[in-house]
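One structure is given here, and the rest of the page talks about it.
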């Protein structure tokens with residue numbers, strides 16, 4: 001017989017999955033509808049780009065510090081809980097009228113804690129899954145499911161009530177995430193549920209980094225840079241996609257569906273995590289993601305009809321889903337658990353540097369060229385593919401699979 005339902009829901013995997021279901025919900029509300037809400041307040045595309053870039057710029061300074069603190073804490077859980085609670089406070093201040101500068105400050109205070117804990121959550125959950133023989137994809141998929149559900153609900157509610165519902169929705173999901181963090185397990189806990197599946201005295205691959213300075217190997221950094229460029233290319237869609245669609249006359253409920261299609265496709269990548277990562281080297285997954293990114297954004301620049309947009313949004317399976325699996329696996333393969341969160345944060349810092357320039361640049365490009373700015377996003381993805389290819393030439397992927 002299987003375990004009782006209550007036991008299964010109280011397991012470390014289930015509790016982590018429940019938190020993942022809330023982790024990205026603030027993005028599910030803000031990604032499609034923040035530009036529309038800001039436009040209603042008379043803020044232009046260039047300023048929207050700066051508002052989106054400000055918290056990411058702040059995170060470049062503190063992300064590695066948060067990762068280091070998380071690795072040195074008795075458990076990664078404490079940093080995740082503190083960050084979740086801090087992220088729930090700033091949305092309350094958006095209920096009062098704010099100017100451009102006030103919104104930028106509040107938005108920065110809202111996003112910084114969330115961005116700080118995201119790589120820690122991934123590192124903690126992935127290491128727990130790898131150590132205990134759990135399926136990380138089956139845990140992480142709940143983050144995407146939560147994102148899809150909240151995106152659809154937000155599209156319906158905002159289509160019904162208009163932009164006035166944006167701040168209440170954002171506040172609600174932020175508070176729910178903070179409450180969900182309180183039931184997280186101890187990721188470094190002991191007991192039957194968390195016993196190692198590999199001998200602790202197993203030999204360590206000499207190529208695996210045990211210090212942060214060892215991450216600067218060219219083949220390693222090239223892969224991170226390629227994945228960062230691909231992620232940065234998404235900022236045109238994240239920052240201005242919904243606004244461009246709204247200006248083209250698409251109603252809010254269709255915009256919500258278009259946004260939901262992308263993470264729905266991503267779910268398939270998460271569900272198939274184990275067979276995918278066993279069949280393909282991590283860098284091959286990132287390469288596929290970069291190629292699909294170039295195709296996706298080039299198609300967006302052509303301003304196709306809704307059905308073609310749906311098909312292009314389904315490439316999110318590769319541009320985010322496969323790439324996330326690839327980069328998470330890649331970092332875990334080549335770094336020790338002692339620097340797990342800090343190594344994941346190292347990639348996030350690199351990604352954020354690219355993201356800041358992308359958001360600011362796309363703000364001006366979107367203002368000048370509209371959907372034509374997606375051509376630049378396509379070029380960024382193509383350059384990312386070239387960098388990953390160079391990494392593959394420097395280090396044979398068979399060595400990675402062996403690790």
Select from region 339-363 the residues that are modelled with pLDDT of 85 or more and either in contact with a strand residue (DSSP E or B) (Cβ under 6 Å, 6 or more places away or on another chain) or over 23 Å from residue 80 (Cα atoms) (or both) and write down the one among them that is surrounded by the fewest Cβ atoms within 10 Å (Cβ to Cβ).
357
Among the helices (runs of 4 or more DSSP H) confined wholly to region 318-403, which include 1 or more residues that are under 25 Å from residue 52 (Cα atoms)?
323-334, 340-369, 374-394
Among (1) outside any helix (DSSP H, G or I); (2) touching a residue at least 12 places away in the same chain (Cβ under 8 Å), residue 125 falls short only on (1)
Only one of 154, 118, 74 is over 28 Å from residue 346 (Cα atoms) and at pLDDT below 85, namely 154
Just the residues that are modelled with pLDDT of 75 or more and not in a helix (DSSP H, G or I), please, taken from region 1-22.
11
Considering (1) crowded, with 17+ Cβ neighbours inside 10 Å; (2) within 14 Å of residue 22 (Cβ to Cβ); (3) modelled with pLDDT under 90, say which one residue 177 fails and leave the rest.
(3)
With (1) farther than 20 Å from residue 377 by Cα; (2) more than 15 Å from the chain's Cα centre (by Cα) as the list, and residue 314 as the residue in question, which single condition is left unmet?
(1)
Suppose the filter is crowded, with 20+ Cβ neighbours inside 10 Å, more than 24 Å from residue 356 (Cα to Cα), without any contact (Cβ under 8 Å) to a residue 60 or more places away in the chain and in contact with a helix residue (DSSP H, G or I) (Cβ under 8 Å, 6 or more places away or on another chain); does residue 315 pass it?
no
Inspect all residues belonging to region 72-81 and state whether any of them is under 19 Å from the mean Cα position of the chain (by Cα), more than 28 Å from residue 51 (Cα to Cα), touching a residue at least 40 places away in the same chain (Cβ under 8 Å) and not in a helix (DSSP H, G or I).
yes
Out of all the residues in region 269-305, which are closer than 18 Å to residue 395 by Cβ and not in a helix (DSSP H, G or I)?
280, 281
Go through (1) surrounded by fewer than 18 Cβ atoms within 10 Å (Cβ to Cβ); (2) over 21 Å from residue 225 (Cα atoms) for residue 300 and report which single condition fails.
(1)
Of the conditions (1) touching a helix residue (DSSP H, G or I) at 6+ places or on another chain (Cβ under 8 Å); (2) surrounded by fewer than 24 Cβ atoms within 10 Å (Cβ to Cβ); (3) assigned to a helix (DSSP H, G or I), residue 117 clears all except one; give me its number.
(2)
Filter result for residue 221 (modelled with pLDDT of 85 or more and under 23 Å from residue 36 (Cβ atoms)):
no
Answer residue from region 84-99, given it is under 20 Å from the mean Cα position of the chain (by Cα) and more than 16 Å from residue 30 (Cα to Cα) and is surrounded by the most Cβ atoms within 10 Å (Cβ to Cβ) among those:
84
Please pick out the residue among 39, 25 that is within 22 Å of the chain's Cα centre (by Cα) and modelled with pLDDT of 80 or more.
25
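The values are calculated or read from the model by the stated rules, or taken from the named source; none is laboratory data. What you see is a predicted model; the values in this text were computed from it and never measured. Cβ sites come from the backbone with ideal geometry, for glycine too, and all protein chains shown count toward neighbours.
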